[in-house]
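Taking it in order: structure first as structure tokens, then the write-up.
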Amino acid sequence: MTRRLAQVAQKVGVSEATVSRVLNGKPGVSDATRQAVLSALDVLGYERPTQLRGERARLVGLVLPELQNPIFPAFAEVVGGALAQQGLTPVLCTQTKGGVSEADYVELLLQQQVSGVVFAGGLYHQEDAPHDHYKVLADRKIPVVLINAAIDRLGFPGVSCDDSVAVEQAWRHLVSLGHERIGLVLGPSDHVPSQRKLAAARVLAAETGTSVPDEWVARAMFSLEGGQAAAMRLLERGVTGIICASDPLALGAVRAARRRGLSVPADVSVVGYDDSAFMNCTEPPLTTVRQPIEAMGRAAVELLSVQIGGRAVPSDELLFEPELVVRGSTAQPPRENSL
């Protein structure tokens, strides 16, 4: 019981005495705090006391595109904790290949009469993907918040890491080391965050009197294997620095270099994106651009909570500044290009 009190208190940000008062049905606790404690019990997997089981917490869908990329469980932890503090219970919906689709999850969430939905990635990133299920949510006036860049026509509020600034930080870092042949490993051509990254890279290249030719841009699915295949193509074309649209893509690029007998960073420099878990434990430790997931996740929940409370919020995109984290996968280019 003591361990349970401590965990719930830490999750909600209150004292163990306050948690005890809620569990024992004692007065002196605000409704908001009481709901937050009950939601934290649900999130942590504890059974509610018998006298409180009839009170169903307000549910919020939390839709993730996958769990293999560590950035998505990280977002889920932040968003789930922030929802619990608002007295809301997250319903985690994770897509798998050949499994339940995003549209199916939306239908299931509507059947559960959720109070709102947070998407931490999904088909709203892709211009050519089906988007009818988003229209269903809009027509039902379900509060929705999107995390990271979406297509323009959906009309939902969102929070995003600034893709342009992320590429600028990575690009200027490689240029400062002396790299001139910089390639990009990005997502599919209809992927909005990747579109923004490419546009930013071309602006930066033009400012320095260079260019980003199409042969230095490789498209890939967001996986280590996709990054490896894309980076192989770039290495064949002689790039010395590679900027990737995710950390798994960057790890694939490191593997590609090694398969070609090259050293990272002595022969090729690699920059990732996200700064997801354990990127400081790779060999070499990965230089990457960190998304501020704590601030973004909490902002997303705040936007959702305001909507659930019946107040309107602008359908704007809040942009958050990333941070370049320099580790061991970047260095000066080789003096003689032996690629």
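The values are calculated or read from the model by the stated rules, or taken from the named source; none is laboratory data. No experiment lies behind these values; they were computed from the predicted model shown. No Cβ is skipped: glycine too gets one built from the backbone with ideal geometry, and neighbour counts run over all protein chains shown. The protein model used for the area step is the full one, side chains on, heavy atoms only, and it has no ligands, DNA or RNA in it. Shrake-Rupley method; radii C 1.70, N 1.55, O 1.52, S 1.80 Å.
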Subject >> Whether the stretch 1-121 is rounded, prolate or oblate, judged on the alpha carbon gyration tensor where a/c under 1.5 counts as rounded >> reply: prolate
**OP:** With an 8 Å cut-off on Cα pairs and a minimum separation of 6 or more residues, tell me the relative contact order of the stretch 139-271 in percent.
**Re:** 23 percent
**OP:** Mind jotting down the three principal axis lengths of the stretch 200-339 based on Cα atoms? Whole angstrom, largest first.
**Re:** 62, 36, 25
Subject >> Sequence ranges 269-279, 204-214, 60-70, 156-166, ranked by mean other-Cβ count within 10 angstrom, highest first >> reply: 269-279, 156-166, 60-70, 204-214
Original post:
Sorted by packing (mean other beta-carbon atoms within 10 Å per residue), highest first, where do 253-259, 115-121 land?
Top reply: 115-121, 253-259
Original post:
Taking the chain as the region of interest, what is the percent of Cα-Cα pairs per 20 angstrom bin, listed from the shortest bin to the one with the maximum distance?
Top reply: 30, 49, 20, 2
Original post:
Which whole-number percentage describes the relative contact order of the stretch 191-339, with Cα contacts under 8 Å and a sequence gap of 6 or more?
Top reply: 20 percent
Original post:
Within the stretch 239-339, which GluC sites (Glu not before Pro) sit in a loop by DSSP and count at most 16 neighbouring Cβ atoms inside 10 Å?
Top reply: Glu336
**OP:** Show the residues, 5+ positions off or on another chain, whose built amide H is closer than 5 Å to the amide H of Ile242.
**Re:** Gly183, Ser269, Val270, Val271
**OP:** Output the pairs from Lys141/Lys197; Lys97/Lys197; Lys97/Lys135 with a Cα-Cα distance over 29 Å in this structure; if there are none, say none.
**Re:** Lys141/Lys197
Original post:
Beyond 20 Å, what share of the Cα-Cα pairs of the stretch 108-210 remains, rounded to the nearest whole percent?
Top reply: 49 percent
Original post:
Mean separation of Cα pairs under 8 Å and 6+ residues apart, divided by the residue count of the stretch 258-339: what relative contact order is that in percent?
Top reply: 44 percent
**OP:** Please give the helix 192-207 orientation as an angle from the longest Cα principal axis of the chain, in degrees from 0 to 90, rounded to the nearest 10.
**Re:** 40 degrees
Subject >> Top of Ala218, Ala245, Ala199 by mean-square fluctuation, Gaussian network on the chain, Cα under 10 Å >> reply: Ala199
Original post:
Angle between the Cα long axis of helix 102-111 and the longest principal axis of the chain, 0 to 90 degrees, nearest 10?
Top reply: 10 degrees
Original post:
Counting only the heavy atoms of the protein chains, how much of Lys26 is accessible to a 1.4 Å probe, in Å² to the nearest 10?
Top reply: 110 Å²
Original post:
For the residue pair Gln111 and Gln332, what label-to-label distance in nm results when each label sits 7 Å from Cα along the Cα-to-beta-carbon direction?
Top reply: 6.3 nm
